[in-house]
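The values are calculated or read from the model by the stated rules, or taken from the named source; none is laboratory data. None of the values given here were measured: they were computed from a predicted structure. Note that each Cβ is placed from the backbone with ideal geometry, even for glycine, and that neighbours are counted across all protein chains shown.
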Amino acid sequence: MALRRKNNSNTASGLNISVKKNGAEYTFLLNGRLDTLTSPDLDAEVKNVIDKAERMIFDLAKLDYISSAGLRVLLGAVQGIDGRGDMVVRNLSQAVRDVFDLTGFSLMFTIE
Amino acid sequence: MVKKLKDFRLYGLIFTIASTAFIMLLSTPFFMEQRLQPYLFDAGVDSLGSLICAALFYGCMNQDGDGSRSFRILIIMVSACFAVNEVVRYTGGVPQSRTIFFILCFVSKLIDLAMILVFYLYVRAVLGFDGKYTKIADIIIPIVLAIQTLILLSNIFFPVTFSVNSDGVYQDTEIFMIEQVFLAVTAVLTTIKVIMVRISINQKAAILTFIFLPIIEYILLGATFGEGSQYGIVLMSLVIMYCVIFNDRSRKLAATQTELNMATEIQTSMLPSIFPPFPNRSEFDIYASMDPAKEVGGDFYDFFMIDDDHLGMVIADVSGKGVPAALFMMSSKILINDHAIIGGTPAEILERVNKLVYENNDANMFVTVWLGILEISTGKLTSASAGHEYPMINTNGKYEILKDVHGLAIGAMPISKYRNTEVTLKKGDSIFVYTDGVAEATDAENQLFGTDRTLEALNAVPEGSSQKEVLRCVRVAVDAFVKEAPQFDDLTMLGLKYKGPAAEE
């Protein structure tokens, strides 16, 4: 019964998202897997703030895995904020960094 | 907001279950105590009824749509009525508990009124009431409800419609029928509207049962206050409504499923699927396969003769899954094919395609593409990658990763630059390209199959095998690795072996 999907990092395929707000700067801390199943959750969180945000930071230190569906959410974010503010992706693990390099996305994000 | 709504649903379910448990526990004295035994039947109806309420609530818990919320509230109310009625019977006829008995009778009647109101709201939401008639109904109903509530409240001070005597026995007054005015008014208004509105006859009948079943029950049994079957009948009507709605939805769902299957068929039929595809070409052996994880996927492969000496090969992966990905895949495939035939190097072709795809891309979708063009007479393979996985190439008897230069996935940015990578295939050399479904196949422990295992599988293939056999071996290795874990991503592969230029005639 899918009453409410538990975004628990303990489960194998889950994503825990926490959003920190500092003025018009939003930091998204992602913990777990960002894939087809979990990316709609992040998409919803991003859409919540995209109109107010002047700076968005995605902290991927605890992100184990990212799929193309996850990249799509980040692409939506960078296009959404384009012209009004900037977006930063930081603390990429090697595995996630590889995906960014492979898909060429490391060319279009500011990576710290 | 969404989460709150879901919480409400969860609490609703808990409530209906708790109500059932409560009624079942309270049924015990109905077996034991002499004075309660005449009500044993009613206690049974209450238990069964509240259990059905819980089941019904669970059934429509995740439904969204017009009136589904009102419908759930109705179920909760019926469940509450069962519970209250059970206590009403338990406390009735006992002088000591006459105050609590009075309060419960009062509450029960209050819920009745609320139930009628929610029923009206439900019908209103389902039928999308509007127009003059509804405006009148929207005025009349609250007024009658207010008067009715006042009459009910006045019972606290003076027995207008009912009273509880000193023995704790419920008594109607002579004008008790005025309690039913609200029901009558709402019933008439709703019935007229339901008959007028254009909906299927099934739906009409289902909604009207809420009004007419209780009336029939009243005529047949001459309902006395607090009788168990009263709410059983109301519940029955809810069950009928649910079944009709459910039936309608299933029919729609079946239609959607058929359309999805057709989409899969169309998609699959767009990929070259007759092997060998070019029976009169002896210079190369090519094979490709695709296994979508869902009904329709976003992966594709393609190959085609650009001219007599050039073979184009494509492997691509669209972000996301399902129908949107499939639609995006279709347009990308056609664009790549067209532009490859128009001409240019793979990098030039991808640049043009990227521009076109980006212009018509509102959904932030993108597609990673590997495009290779083989010059058949020389074995020169020129390729460009738009963010796609590294090809695996076998030029010295062993498959290795070919670290080609990567451009950005197609559709991500308005202008992207790509670079060509050139290798020359000798007789017997081969290349294997794939989508992330291969390297990212995951076992039950969440481990990735990985490029290393892919290479291992490729290198374990016996020499001299056909490309079909090569792909099958990789598939077997992936399957052996993931075991019971469900296939998460599409599994798409393409293999080519160069057999050298055709012998001169």
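Before we move on, is B:LEU152 more than 17 Å from B:GLY128 (Cβ to Cβ), part of a helix (DSSP H, G or I), out of contact with any Lys or Arg (no Cβ under 8 Å at 6 or more places or on another chain) and not basic (Lys, Arg)?
no
Of all residues in the range A:66-85, how many are more than 8 Å from chain B (Cβ to nearest Cβ) and over 11 Å from the mean Cα position of the chain (by Cα)?
6
Quick test for you: out of B:ARG89, B:ARG69, pick the one residue that is over 20 Å from B:TYR120 (Cα atoms) and at pLDDT below 90.
Among B:ARG89, B:ARG69, only B:ARG89 is over 20 Å from B:TYR120 (Cα atoms) and at pLDDT below 90.
Across the range A:18-56, what is the number of residues that are part of a loop (DSSP other than H, G, I, E, B) and within 14 Å of chain B (Cβ to nearest Cβ)?
5
Can you tell me which residue among B:GLU484, B:GLU422 is touching a residue at least 40 places away in the same chain (Cβ under 8 Å), among the charged types (D, E, K, R), in a strand (DSSP E or B) and surrounded by fewer than 23 Cβ atoms within 10 Å (Cβ to Cβ)?
B:GLU422
Criterion first (touching a helix residue (DSSP H, G or I) at 6+ places or on another chain (Cβ under 8 Å), within 25 Å of B:LEU235 (Cα to Cα) and crowded, with 18+ Cβ neighbours inside 10 Å) does B:LEU127 satisfy it?
Taking the combined requirement at face value, the residue satisfies it.
Assess whether B:SER97 counts as being in the same structural domain as B:ILE147 (by TED's automatic domain parsing) and within 32 Å of the chain's Cα centre (by Cα).
Judged against the criteria, B:SER97 is not a match.
Considering only the range B:258-317, state which residues are under 24 Å from B:MET392 (Cβ atoms) and either of a type in the set (Asp, Glu) or touching a Cys at 6+ places or on another chain (Cβ under 8 Å) (or both).
B:GLU283, B:ASP285, B:ASP291, B:ASP299, B:ASP302, B:ASP317
Only one residue in A:ASP35, A:ASP59, A:ASP82 is surrounded by fewer than 23 Cβ atoms within 10 Å (Cβ to Cβ), over 19 Å from A:MET108 (Cα atoms) and of a type in the set (Asp, Glu), so which one is that?
Matching residue, one of A:ASP35, A:ASP59, A:ASP82: A:ASP35.
For B:THR451, all conditions in the list (1) in contact with a helix residue (DSSP H, G or I) (Cβ under 6 Å, 6 or more places away or on another chain); (2) crowded, with 18+ Cβ neighbours inside 10 Å; (3) within 14 Å of another protein chain (Cβ to nearest Cβ); (4) under 30 Å from B:GLU484 (Cβ atoms) hold save one; what is the number of the exception?
Of (1) in contact with a helix residue (DSSP H, G or I) (Cβ under 6 Å, 6 or more places away or on another chain); (2) crowded, with 18+ Cβ neighbours inside 10 Å; (3) within 14 Å of another protein chain (Cβ to nearest Cβ); (4) under 30 Å from B:GLU484 (Cβ atoms), only one is false for B:THR451: (2).
Which number in (1) assigned to a helix (DSSP H, G or I); (2) farther than 17 Å from B:ILE240 by Cα marks the one condition that B:LEU56 misses?
Unmet condition: (2).
Considering only strands (runs of 3 or more DSSP E) fully contained in the range B:260-376, which possess at least 1 residues that are modelled with pLDDT under 90?
In the range B:260-376, B:284-291, B:299-307, B:310-318 are the strands (runs of 3 or more DSSP E) which contain 1 or more residues that are modelled with pLDDT under 90.
Could we say that B:PRO324 is farther than 30 Å from B:PRO214 by Cα, free of Cβ contacts under 8 Å to residues at least 40 places away in the same chain and surrounded by fewer than 16 Cβ atoms within 10 Å (Cβ to Cβ) here?
No; evaluated as a whole, the condition is false for this residue.
Is it the case, given these coordinates, that B:ALA21 is within 14 Å of another protein chain (Cβ to nearest Cβ) and either part of a helix (DSSP H, G or I) or surrounded by fewer than 21 Cβ atoms within 10 Å (Cβ to Cβ) (or both)?
no
Checking the structure you have, find out if any residue of the range B:404-415 is under 26 Å from B:LYS321 (Cβ atoms), within 14 Å of chain A (Cβ to nearest Cβ) and exposed (fewer than 15 other Cβ atoms within 10 Å of the Cβ).
yes
State whether one or more residues within the range B:136-147 are under 30 Å from B:GLN96 (Cβ atoms) and either free of Cβ contacts under 8 Å to residues at least 40 places away in the same chain or not assigned by TED's automatic domain parsing to the domain that holds B:VAL88 (or both).
no
Could you give me the residue pairs with C-beta distances under 9 Å whose first residue belongs to the range B:49-73 and is away from chain A (no Cβ under 14 Å), whose second residue is among the acidic types (Asp, Glu) wherever it lies, and which are 6+ apart or on separate chains?
B:SER50/B:GLU86
Please find, within the range B:312-349, the residue that is nearest to the chain's Cα centre (by Cα) out of those that are of a type in the set (Asp, Glu) and more than 14 Å from chain A (Cβ to nearest Cβ).
Among residues in the range B:312-349 that are of a type in the set (Asp, Glu) and more than 14 Å from chain A (Cβ to nearest Cβ), the one nearest to the chain's Cα centre (by Cα) is B:ASP338.
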